[in-house]
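Here is the structure we will look at.
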Amino acid sequence: MNSDSNRTTGSTRGWTIFAVTVVLVLAASVSLSILQSLEALEERRAQSEAGEFRLAAHTLEADVMTSTPAHHLGHDLDWAQDTLARDPSVAIHALEEPDRRETRELLERLTDDHHGLGFEQLDRLVDLFAEAAESSGEAADAAERSAIQMLGVAAIAAAIAGALLLNGRRRERLLHASLRRQAETDELTELPNRRHLERALRDAGERMRLEGGSTGLLYLDLDGFKGVNDSRGHDAGDSLLTLVADRLRRARGAKETLVRIGGDEFAVVLVGITDEAEARAAAHRYLEILDRPCELSPHQFETMRASIGVAVTSDPSSLDELRREADLAMYSAKVRGGHGIALFDPSMREAAELQSDLTRALRAARIDEEFHLVYQPVVNIHDDSVLFAEALLRWTSPELGAVPPMDFIPIAEQCGEIHKLGAWVAHNVIDQLAVWSTDSELTEICISCNVSVLQLADTEFVDSVIQHLRRSGVDPARLTIEVTESAILERSEAAVEQLVRLRDAGVKIAIDDFGSGYSNLGQLLRAPFDVLKIDRALLLELSAMRQAMGGDPAMPCDIMSAITSIARTVGTDVVCEGVETEIQRTSLAASGVTHVQGWLIGKPTSPAEFIRVFGRKVIAA
Ligand code: C2E
Ligand code: MG
Ligand code: MG
């Protein structure tokens, strides 16, 4: 650094202005905060005194010297000067390209001990130079000398500060990227997770905004995964999820982001697609890749099937909606029996809205006021004597009006209200039996009530029925519990256990809706039951089949005869539901069906009306 005292004040001033400019340029590149502090300095400068300049100059000098050990400072200053003399742009490069070789050298030499040369000192250097440029006299000369001496330090300080800043930012960016990767990765499968899905959808929206096109979203949920977890344990469940994730990864296309949302749910974002057909084709690809069994451990295979919901949009502002639509579509694929694909359509949203209205109303319902039971007779097919009355639940919601059980029972099952509601029905039926028993003419009457499989999964329900029967003094044999065929098949063990308890207590059991699903007679016969109720759907199907073949609908039906003969073998009554015509009744009687229920005999009605019309026939029973 040249400090020749023979230089004219003018040339010194010119040098100082140059120095100030260099530093200001560097400082400006370093950080906006320095520019802001410069503004503050401007203000201070206007008010300051010459003595303060000197003091400032010395303080600064002392600062730089103490924070930069002398042996380093001298050496580095020389080196820095050389470097800057060879290529003055190195400081600028340091700011612009922290990875350049020169910058690295600069940084390597001026690390550790030099970190003290940060913004604070740079600020003060700028302050000093600015003061010197504007002032005059002795104070100005002193300030200028100090400033000139330190120009090299200042330039390097600026370069280092800038490089460190940029390097720091880059490191920060890298760190941030790695933290983000960690935060957006699912630990088990190492697939991107739900958080990443949000980002992928945002990116897809951005792309749609810029380039048009559509975004597709697939929601994939494994069918029956819970069963694997329950039967084989959580470790096996985890292994299976990892295998499934690997499979899905293999099926992934170039424009697709595969994500594990959580549990057994996965999602795929499809960017830049043209139409629904493309999304559907992708869904098929994922569905098919799961079709081959996964080898959980040597010779232990498990086939995991999936339900996939597909939704597509070309509107970048509707991505939240897209998620909901894909979810609804997936739910619909599940309801249709799983192992399939459903494309979103608006009726799914309406159904979901109705479902949420029903759920809300059900949760808020005052059972005693809004619900009541109606009774429908089940009669002997030959003499119309009453076997029992089936209690059927009715709901009149103040908000939604009359809601049929086929609509509210599944929702009550989903939201858990079925337990409260089901217990209310059973207790009400027992109370009704108690009331009717006080009438000497009705002491023989029996009632059946429908029970959801979820109630049977809960031992409390059976306990409460048995207790309520005891408390009311009603003969348990006058109560029949109807449980659907599908309930027994789906949850056979738990359900059968509770049915056995009920039967041991003297309660009768009816299998409801027989023939409505995939009947498995072998499995059904393992359950204890007294009555087999043939579903109306089977009756209609068999009639239609016979008509199509040109048969006489009043003649016996072979399949009905086969069912009744099995029922006879195991000693149960056979009731056919939904009988509406005399022809049906004639054919059923000829096929060996012993009892019928349906509009032909009587519609469900109030207890009083039931007794008025059928009371006499009970006595005949
Ligand atoms: P379900 O137990 O099979 O009851 C028979 C259904 O068929 C009743 O419908 C009845 O009104 C109807 N039905 C009877 N005869 C005829 C006929 O000749 N033609 C036609 N078209 N229909 C006939 P509902 O009352 O709407 O009940 C529907 C289902 O809701 C019931 O089927 C039962 O599964 C369920 N359900 C009703 N009450 C309860 C209850 O208290 N608890 C539970 N868990 N489910 C109930
Ligand atoms: Mg029933
Ligand atoms: Mg039924």
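The values are calculated or read from the model by the stated rules, or taken from the named source; none is laboratory data. Treat the numbers as computed from the prediction; the structure is a model and nothing was measured. Neighbour counts run over all protein chains shown; Cβ positions are idealised from the backbone, glycine included. Accessible surface is based on the protein model in full, side chains and every heavy atom, while ligands, DNA and RNA are left aside. Shrake-Rupley method; radii C 1.70, N 1.55, O 1.52, S 1.80 Å.
How many percent of the accessible area of segment 194-344 is carbon or sulfur, using a 1.4 Å probe?
Working: 3350 of 7110 Å².
C and S atoms contribute 47 percent here.
If I model a spin label at Arg363 and Leu525 as a point 7 Å from the Cα along the Cα→Cβ vector, what separation in nanometres do I get?
4.6 nm
Amide H to amide H, which residues 5 or more places from Thr185 or on other chains are under 5 Å from it, using H placed in the peptide plane?
Hits under the 5 Å cutoff: Asn193.
With +1 on the Cβ of every Lys and Arg and -1 on the Cβ of every Asp and Glu, and nothing else charged, how large is the dipole of segment 355-614 about its Cα centre, in debye rounded to the nearest 20? Present the calculation step by step, with values, prior to reporting the outcome.
Working: 20 positive and 37 negative charges, 42 e Å.
Roughly 200 debye for segment 355-614.
Among DSSP beta bridges lying fully in segment 355-614, give the percent that are antiparallel, nearest 5.
40 percent
Write down the accessible area per residue of segment 560-621 in Å², having rolled a 1.4 Å probe over the full set of protein chains. The partial results should precede the final answer.
Details: 2850 Å² over 62 residues.
With all protein chains present, segment 560-621 gives 46 Å² per residue.
What fraction of the Cα pairs in segment 416-552, stated in percent, has a spacing above 21 angstrom? Write out the running numbers ahead of the final one.
Values: 4286 of 9316 pairs.
Of the Cα pairs, 46 percent sit more than 21 Å apart.
Based on the Cα gyration tensor of segment 355-614, what are the three equivalent ellipsoid semi-axes, each the root of five times an eigenvalue, rounded to whole Å and given largest first? List each step's numbers first, then the result.
Details: eigenvalues 167, 86, 82 Å².
So the equivalent ellipsoid measures 29, 21, 20 Å along its semi-axes.
Quick one: with all protein chains in place, what share of the accessible area of segment 351-484 is carbon or sulfur, to the nearest percent (1.4 Å probe)? Each step should come with its number before you reach the end.
Values: 2960 of 5810 Å².
Roughly 51 percent of what the probe reaches on segment 351-484 is carbon or sulfur.
If I stretch the segment between His382 and Thr303 completely, what's the gain in nm (0.36 nm per residue apart, minus their alpha carbon distance), one decimal? Walk me through the numbers on the way to the answer.
Values: separation 79, 0.36 × 79 = 28.44 nm, distance 5.09 nm.
Length difference between fully extended and current span is 23.4 nm.
Under a 1.4 Å probe, what is the accessible area of segment 373-522 per residue, stated in Å²?
Working: 6350 Å² over 150 residues.
With all protein chains present, segment 373-522 gives 42 Å² per residue.
Near Ile583, within a Cβ-to-Cβ distance under 13 Å, what is the net charge of the other residues, with Lys and Arg +1 and Asp and Glu -1?
Working: positive: Arg546, Arg585; negative: Asp552, Glu580, Glu582.
Combined, the nearby Lys, Arg, Asp and Glu give -1.
Using a 1.4 angstrom probe, figure out how much accessible area segment 194-344 has per residue, in square angstrom, rounded to the nearest whole.
Details: 7110 Å² over 151 residues.
Here the per-residue accessible area is 47 Å².
Dimensions of segment 227-383 along principal axes (Cα, Å, largest first)?
66, 48, 35
How would segment 477-621 be classified by its alpha-carbon gyration tensor: rounded, prolate or oblate, with rounded meaning a/c under 1.5 and the a/b versus b/c comparison settling the rest? Before the final figure, lay out each step's value.
Details: a/c = 1.98, a/b = 1.15, b/c = 1.73.
Because a/c hits 1.5 or more and a/b fails to exceed b/c, segment 477-621 counts as oblate.
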